[in-house]
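Student: There's a structure below that I have some questions on.
The values are calculated or read from the model by the stated rules, or taken from the named source; none is laboratory data. Owing to the predicted nature of the structure, the values given are computational and were not obtained by experimental measurement. Cβ sites come from the backbone with ideal geometry, for glycine too, and all protein chains shown count toward neighbours.
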């Protein structure tokens with residue numbers, strides 16, 4: 001039970017920070033003391049079911065986003081057609097031309113239940129601290145034989161949606177190119193970005209940068225098809 005309490009507490013803290021709420025802000029909304037809420041977040045005390053629903057309502061999220069704990073199992077990995085990668089953590093990179101840098105992101109997949117869910121930690125300083133991401137997105141993932149589709153909703157602005165599409169790699173241990181699409185704020189317009197997804201963290205060097213920047217080959221494909229498309233390596 002301690003692991004469950006710690007997980008739920010961590011999710012409360014994660015979504016509270018995504019909403020830019022202080023402990024005092026959220027405590028006032030659920031009519032609890034700041035000290036009690038802090039103990040919820042650290043897993044020191046268990047959150048009762050009524051309070052759990054109050055917290056979810058205050059944060060504007062589903063209660064299932066707080067209780068998505070998945071205990072470790074010894075089951076065999078899911079077959080390829082049901083799994084983008086066998087791992088539950090996928091490392092995602094893209095190049096942002098506005099700031100001239102490679103942006104690192106983390107996908108966390110929860111496979112329990114009939115409908116797998118996913119969390120996107122956007123723009124990380126370090127993979128060791130995903131909760132420090134610049135933006136947090138939550139949504140669902142659908143696995144098919146050849147493609148995996150993700151649909152995310154921003155946890156700070158529910159009008160903002162992000163989609164991610166990638167062809168399933170034949171070798172599940174290798175990286176693959178995908179397309180990340182959504183709404184840019186600066187400037188304000190719909191965008192699509194070429195990205196790399198990998199089962200392991202990659203070296204962020206000039207070779208990665210060159211792979212992520214649109215090449216002449218990419219531009220020729222765009223002109224020929226009159227649409228943004230991503231070809232594999």
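Student: Just one of (1) closer than 22 Å to residue 126 by Cβ; (2) assigned to a helix (DSSP H, G or I) trips up residue 200, so point out which.
Tutor: (2)
Condition check ((1) over 18 Å from residue 155 (Cα atoms); (2) out of contact with any helix residue (DSSP H, G or I) (no Cβ under 9 Å at 6 or more places or on another chain); (3) surrounded by fewer than 18 Cβ atoms within 10 Å (Cβ to Cβ)) across all residues:
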{"residue": "4", "(1), (2), (3)": "yes, yes, yes"}
{"residue": "24", "(1), (2), (3)": "yes, no, yes"}
{"residue": "38", "(1), (2), (3)": "yes, no, yes"}
{"residue": "52", "(1), (2), (3)": "no, no, no"}
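Student: Which count do you get for residues in the stretch 54-67 that are surrounded by fewer than 16 Cβ atoms within 10 Å (Cβ to Cβ) and at pLDDT 95 or above?
Tutor: The initial filter retains those residues of the stretch 54-67 that are surrounded by fewer than 16 Cβ atoms within 10 Å (Cβ to Cβ), namely 57, 60, 62-64, 67.
From what is left, the residues that are at pLDDT 95 or above are 57.
Final tally of qualifying residues: 1.
Student: Okay, next question. Scan the stretch 149-168 for residues that are closer than 15 Å to residue 91 by Cα and either under 17 Å from the mean Cα position of the chain (by Cα) or free of Cβ contacts under 8 Å to residues at least 12 places away in the same chain (or both) and report the count.
Tutor: Within the stretch 149-168, residues that are closer than 15 Å to residue 91 by Cα and either under 17 Å from the mean Cα position of the chain (by Cα) or free of Cβ contacts under 8 Å to residues at least 12 places away in the same chain (or both) number 4.
Student: From the list 230, 162, which one is outside the structural domain of residue 123 (by TED's automatic domain parsing) and not in a helix (DSSP H, G or I)? Outline the logic, then answer.
Tutor: Values: 162 fails: outside the structural domain of residue 123 (by TED's automatic domain parsing).
After ruling out the rest, the residue left standing is 230.
Student: Assigned by TED's automatic domain parsing to the domain that holds residue 176, in contact with a helix residue (DSSP H, G or I) (Cβ under 7 Å, 6 or more places away or on another chain) and at pLDDT below 95: is that true of residue 131 in this structure?
Tutor: Against the criterion (assigned by TED's automatic domain parsing to the domain that holds residue 176, in contact with a helix residue (DSSP H, G or I) (Cβ under 7 Å, 6 or more places away or on another chain) and at pLDDT below 95), residue 131 qualifies.
Student: All but one of (1) modelled with pLDDT of 95 or more; (2) farther than 21 Å from residue 147 by Cβ hold for residue 94, so report the exception by its number.
Tutor: All conditions pass for residue 94, except number (2).
Student: Restricting attention to the stretch 94-139, report how many residues are closer than 14 Å to residue 162 by Cβ and part of a loop (DSSP other than H, G, I, E, B).
Tutor: The total comes to 3.
Student: Are any of the residues in the stretch 187-197 in contact with a strand residue (DSSP E or B) (Cβ under 6 Å, 6 or more places away or on another chain) and part of a loop (DSSP other than H, G, I, E, B)?
Tutor: no
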